[in-house]
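The values are calculated or read from the model by the stated rules, or taken from the named source; none is laboratory data. This one's a predicted model, so the numbers in the text were calculated from it and none came from an experiment. Using ideal geometry, Cβ is built from the backbone for each residue, glycine included, and neighbour counts are taken over all protein chains shown. Surface areas here come from the heavy atoms of the whole protein model, side chains and all, with no ligands, DNA or RNA. Shrake-Rupley method; radii C 1.70, N 1.55, O 1.52, S 1.80 Å.
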Amino acid sequence: MGELARISDEALIVRLQRAAFSYLVDYADDDTGLVADTSRQGSPSSIAVVGFALSCYPIAVQNGWLSRANAAARTLKILRFFSRSNQSDAPDATGYKGFYYHFLDMRTGRRVWQCELSLIDTALLIAGVLVAGCYFDAEGEREIRETADALYRRVDWRWAQNGARGLSQGWKPESGFLHYGWEGYNEAALLYVLGLGSPTFPLTPAAYVTWQLTYQWENLLGRDVLYSGPLFTHLFSHAWIDFRGIRDAFMREKGSDYFENTKSAIAIHREYGERNPYGFKAYSRDFWGVTAGDGPNDREMSSRRRDRRFFGYMSRGVPYGPDDGTIAPWAMLATLPFATEAALAGTRRLLKTYPQVCPQDRFSSGFNPTLRGNAGGWLSEGWYGLDQGLVAMMIENHRTGLIWEIVKHCGYIRDGLKHAGFEGGWL
Amino acid sequence: MQNGTAREKSDDEQAYLSRVRPQDWENPEPRSSYDLAVVGAGPAGLAAAESAARLGFSVVLVERNRVGGNSLNVGSVPSKAIIGAARVHGAMPDAEAFGARVPNEPALEFDKVMARMRRIRMRISEHHSVHELAALGIDVFFGSARFDSTHALLVGDSRLHFKKALIATGARPRAPDIAGLDQTGYRTSATIFEMTSLPKRLAVIGGGPLGCELAQAFCRLGSHVTIVQNDAKFLPREERDAAEILSRSLARDGVEIRLNTTVVGARRDRGAKTLQIVNSGMESEIQADEVLLSIGRVPNVEELGLETAGVDFDADQGIRVDDFLRSTNPDVYAAGDVCLELKFTNAAQSSACMAVQNALMKMQQRKSGSTIPWCTYCDPEIAHIGLHVWEARQQSIPIKSFTVMMHDVDRSITDGRNTGFVKIHVAEGSDRILGATIVASRASELINEMAVVMNTGIGMRALAAVVHTYPAQSEAIVLAAQAYKRFDEAAQMEVRRAGSE
């Protein structure tokens, strides 16, 4: 950390951003362009990580980390792969009805682990596809635009409603739609906006209304917030959409917007860190970030301490839990556009106290200092692509607003927002 | 010679049976007509018969099995007795944190757990014994009742004429639709308390209140418990945060959780019971020594001659009643599980008293006007009253929840019982309380304060000023109200500031 401690805030975040971005290049397959879910040996690709990668190539061009031609070539490789991939109900297809399986083999692009055809991960992928389609606007980049447009238009969002008002979280060829629905506010805002904006197979307007019926407006730890426990749920959709000043009916009723709501959620996470109700090591106003991520799992649990139970990769949340003392080291930095001072104070404190959480300038997925381990606590091995992509995008939005500006010019997303009832601000 | 436990069982059972179904009971000679005939002597039937008798009306009460209904015999009372024992056993691994030293493997004597349950049931049966009912002037008939006209019932050879009748026949465990389960054998709430030994492996089908309560209880007593729920969460009626806390609590205790999982078949394998399950298309199996089926309850509407009485009913929904609990026969009412969606003892008793008032006192009490709290008795307990947030939003009522975490409540911290929360749901723009959800070690007690508050129309401002004992878990309720008050005062100050500018 010594060197990082001495550099300016701007230099620090650019360095961390570049390192985060480089994951998306270092762990991409040469043939398919697919990006690995994690840096671990044998990891398949996560389509969500590919969506982040597509969104980050323009960032790399703007920062001079990739030439435009290189970024366009990488982008086109991915778009061609998805365009030509097997779309069928075969159990090892890449996708179906324009959606894609959550995890794909890096080299063949086939479904792995009998995973689900994932609605939210397809949305994250498609958001990246649309960013690419908007950004690469030169005459020689026509194929990118046309392929991106075709990929978006073929997603059959209406099919995914399965005749119901709301949305399931996915589908499997073996068993049909999953029982899991979208309950309560979370990262699905992007999914609904993309589904509502489709000119071909749009969601019915009732879908968004049905989801919002499950919203919980709460006064929590002294603040009003549209509740969602894991921090990432307040960030993912915001990586693409600038929610400042635009409001749907719910936020008009509450006199707030989703950007302000994320600020409130961050404040609650900090407050929770300070209260530290379960006495976890290191928690404070500058040590927070309880969210989805890797964790130590039950193996580490001491058998007699039933009040301490540790989890593996899971979605942790505040204040209802689950919370096992594991934070995501990247999470504080990812809040930069919303709470700059808090993000920097927390990140600097973390890097100073536990520099091991940021090997090669990339943050690990999970860290738990309450557990004893060689790394001053339990530390997740390697890196996760989602974390790196989100950090790179959020830093760029904080520094230049690049992704937000690109998305503001995406007609489909503008339409989706309007169909969801958003008004005001840049709309 | 009988050993101690067997003798206790025998003595307690005899005392209990003498109160709920005396062997030597002879049905009385019927009167020419009764003001009220009550069919079923569960919580609703007992409440109705006793309140009518105390008002001076002639009452006949017919029961085909045991007085007390499910609640006393195979429901709330025995399950809470078992849960009480399980809490003690479940607390042992935590005792070290309190400075207590416990043996590595605390021994359990299951027969003593069950003997305690029977003793408790025997003691509580005294409250509504057959002899107590007779002493109130109620004619008690044992036997199956069947309407043979719009104003008469047949019980054996006796014809009971009535001016008004109340059907309170309750509900029974829903029968399974699982191939092979009948042949494999299973228990329900009606038979689980007859077990004489603790099953090494218990499979629970159904993640509703009873399934969750008993899954946790038997796990704490030492069974390896697997619970299978055909839904994404337990307790589908409850809000997500509460259900997730319960899920983690079950997992922490060691219950093996299979959500989103359907049991598609069952068979016997060399003495063990095997359940075939499917999760997202993936098939697997669970082995168990006992299977508890807890997939809901269906109303007891069969063989009552309801058609003859002109009483409309549905096999799944029960007797159709209006808001005054009156059936399609204007002189026949219904109460409790046989007609209500909320199948709880307190709802049964409340509806029965209401029906008696409406039937005999010509009152117009509406079931929609009552606010019924309920609780699932897991650890932590999960209690609710009034509207859920999603119900308010469906009705386009702007709603805001004021939440206090139990880990911020001093008494919860001192007791080491700091899991859960108090949420009070308030109509925005007012201090009107629409509902509350409480997850806490004694949520069943805390929710009653909210019942008083809601039934008397106390708002958040007044609640914030009520002085409570300190320290107490109920401080969470006051803290939530005080949070409301702070926001309300800040909003008013904002309005004043805007007006002065």
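Only one residue of B:Ala359, B:Pro299, A:Met251 has its Cα farthest out toward the positive end of the dipole of the protein assembly as shown, where Lys and Arg carry +1 and Asp and Glu -1 on Cβ, and that residue is A:Met251. The peptide list B:308-317, B:135-144, put in order of mean Cβ contacts within 10 Å with the highest first, becomes B:135-144, B:308-317.
Mean per-residue shielding of peptide A:317-326 is 3, counting Cβ atoms of other chains within 10 Å of each Cβ. Distance between the pseudo-spin-label points of B:Glu501 and B:Leu342 (7 Å out from Cα toward the beta carbon): 4.5 nm. Once neighbouring chains are kept in place and the probe is 1.4 Å, which whole percent of the accessible area of the stretch B:250-384 is contributed by carbon and sulfur? Roughly 46 percent, rounded to a whole number. Remark: the protein assembly as shown carries a charge dipole of roughly 840 debye about the Cα centre, counting +1 on each Lys and Arg Cβ and -1 on each Asp and Glu Cβ. Placing +1 on each Lys and Arg Cβ and -1 on each Asp and Glu Cβ, with no other charges, gives chain A a dipole about its Cα centre of roughly 580 debye.
Using Cα pairs under 8 angstrom and six or more residues apart, how large is the relative contact order of the stretch B:232-334, in percent? Intermediate results must be reported in sequence, preceding the final value.
Numbers: 119 pairs, mean separation 12.6, N = 103.
Result for the stretch B:232-334 is 12 percent.
With contacts taken as Cα pairs under 8 Å at a separation of at least 6 residues, chain A carries a relative contact order of 18 percent.
Projecting the Cα atoms of B:Ile192, B:Gly281, B:Gly265 onto the charge dipole of the stretch B:154-293 (Cβ charges, centred on the Cα centre) puts B:Ile192 farthest toward the positive pole.
Three semi-axes describe the equivalent ellipsoid of the stretch A:1-140; taken as square roots of 5 times the Cα gyration tensor eigenvalues and ordered largest first, they are 29, 18, 12 Å.
Once fully extended, how much extra length lies between B:Gln492 and B:Gln317, figured as 0.36 nm per residue of separation less the alpha-carbon to alpha-carbon distance?
The B:Gln492-B:Gln317 span can extend by a further 58.2 nm.
Just need the relative contact order of chain B here, percent rounded to a whole number, with Cα pairs under 8 Å and 6+ apart. Don't skip to the answer; put the middle values down first.
Working: 1035 pairs, mean separation 64.9, N = 501.
This gives 13 percent for chain B.
Within straight-line reach of A:Lys281, meaning a Cα separation under 26 Å, sit the following lysines at least 8 residues removed in sequence or on another chain: A:Lys263, A:Lys352.
Computed in the context of the full set of protein chains, the accessible area of the stretch B:97-233 at 1.4 Å probe radius has 48% of its extent on carbon or sulfur.
Would you mind giving the total buried accessible surface between chains A and B, with a 1.4 Å probe and ligands, DNA and RNA left out, rounded to the nearest 100 Å²? Intermediate values should be presented prior to the final figure.
On the way: alone 16570 and 23590 Å², together 36650 Å².
About 3500 Å² of accessible surface is lost on pairing.
Shielding by partners for B:399-409, please: the mean number of other protein chain Cβ atoms within 10 Å of each residue's Cβ. Could the numbers behind the result be given before it?
On the way: counts 4, 6, 6, 4, 9, 3, 9, 1, 7, 4, 0.
That average works out to 5.
Legend: mean number of C-beta atoms from other chains within 10 angstrom of residue C-beta atoms, peptide A:218-226, equals 5.
Residue separation times 0.36 nm, minus the C-alpha to C-alpha distance between B:Leu17 and B:Glu194: what's the value?
Values: separation 177, 0.36 × 177 = 63.72 nm, distance 1.47 nm.
Full-extension gain reported as 62.2 nm.
Count Lys and Arg as plus one, Asp and Glu as minus one, and take only other residues whose Cβ is under 11 Å from that of B:Ser474; the net charge is then -1.
Shape class of chain B from the alpha-carbon gyration tensor: oblate, with a/c at 1.5 or above and b/c at least as large as a/b.
Residues of the stretch A:160-205 whose accessible area (probe 1.4 Å, heavy atoms of protein chains only) drops by at least 50 Å² once all protein chains are present, relative to their chain alone: A:His179, A:Tyr180, A:Glu183. Only DSSP H runs of four or more residues enter the estimate; each adds -39500 (n - 2.57), and after division by the residues of the protein assembly as shown the mean residue ellipticity at 222 nm equals -12000 deg cm²/dmol.
A straight chain from B:Thr469 to B:Arg87 at 0.36 nm per residue would run longer than the Cα-Cα distance by 135.0 nm.
Give me the percent of the accessible area of the stretch A:193-259 that comes from carbon and sulfur atoms, probe 1.4 Å, all protein chains in place.
Details: 950 of 1670 Å².
That share works out to 57 percent.
Just check the stretch A:78-176 against the gyration tensor rule for me: Cα atoms, a ≥ b ≥ c as the square roots of the eigenvalues, rounded for a/c under 1.5, and otherwise prolate or oblate depending on whether a/b exceeds b/c. Oblate shape, in that a/c is at least 1.5 and b/c is the bigger or equal ratio.
Pairs exceeding 22 Å between alpha-carbon atoms, taken from B:Lys80/B:Lys112; B:Lys233/B:Lys400; A:Lys418/B:Lys423; B:Lys163/B:Lys362; A:Lys172/B:Lys273; B:Lys400/B:Lys485: B:Lys233/B:Lys400; A:Lys418/B:Lys423; A:Lys172/B:Lys273. Packing order of peptides A:3-12, B:402-411, highest average first: B:402-411, A:3-12 (average count of other Cβ atoms within 10 Å over each peptide's residues).
Classify chain A from the C-alpha gyration tensor, please: rounded if a/c falls under 1.5, else prolate or oblate depending on whether a/b exceeds b/c.
On the way: a/c = 1.38, a/b = 1.26, b/c = 1.10.
It comes out rounded by the Cα gyration axes.
Mind putting a number on the dipole of chain B about its Cα centre? Charges go on the C-beta only, +1 for Lys and Arg and -1 for Asp and Glu, and I need it in Debye to the nearest 20.
Working: 56 positive and 62 negative charges, 69 e Å.
It comes to approximately 340 debye.
Restricting attention to the stretch B:351-383, which trypsin sites (Lys or Arg not before Pro) occupy a DSSP loop and are surrounded by at most 11 other Cβ atoms within 10 Å?
Working: sites: B:Lys362, B:Arg366, B:Lys367; in loops: B:Lys362, B:Arg366.
Those that pass, being in a loop and sparsely packed, are B:Lys362.
Amide hydrogen proximity for B:Ala232: with H placed 1.01 Å from N in the peptide plane, the residues at 5 or more positions away or on another chain lying under 5 Å are B:Asn260. With R₀ set to 41 Å, the beta-carbon distance separating B:Glu445 from B:His131 gives a calculated FRET efficiency near 0.80.
Sorting B:380-387, A:150-157, A:114-121, B:469-476 by average packing, meaning the other beta carbons within 10 Å per residue, from highest down gives B:380-387, A:114-121, A:150-157, B:469-476.
Annotation: for a label point projected 7 angstrom from Cα along Cα→Cβ of B:Phe98, residues of the stretch B:404-436 with backbone N closer than 14 Å are B:412-418. A 1.4 Å probe run over the protein chains yields, for the stretch B:352-501, 44 Å² of accessible area per residue, whole-number rounding.
The residues of the stretch B:238-282 listed by number as losing at least 40 Å² of accessible area in the complex, against the isolated chain and with a 1.4 Å probe, are B:Arg240, B:Asp241, B:Arg248, B:Arg252, B:Asn260, B:Ser280, B:Met282.
Summed over the residues of chain A and divided among them, the accessible surface reaches 35 Å² per residue at a probe radius of 1.4 Å.
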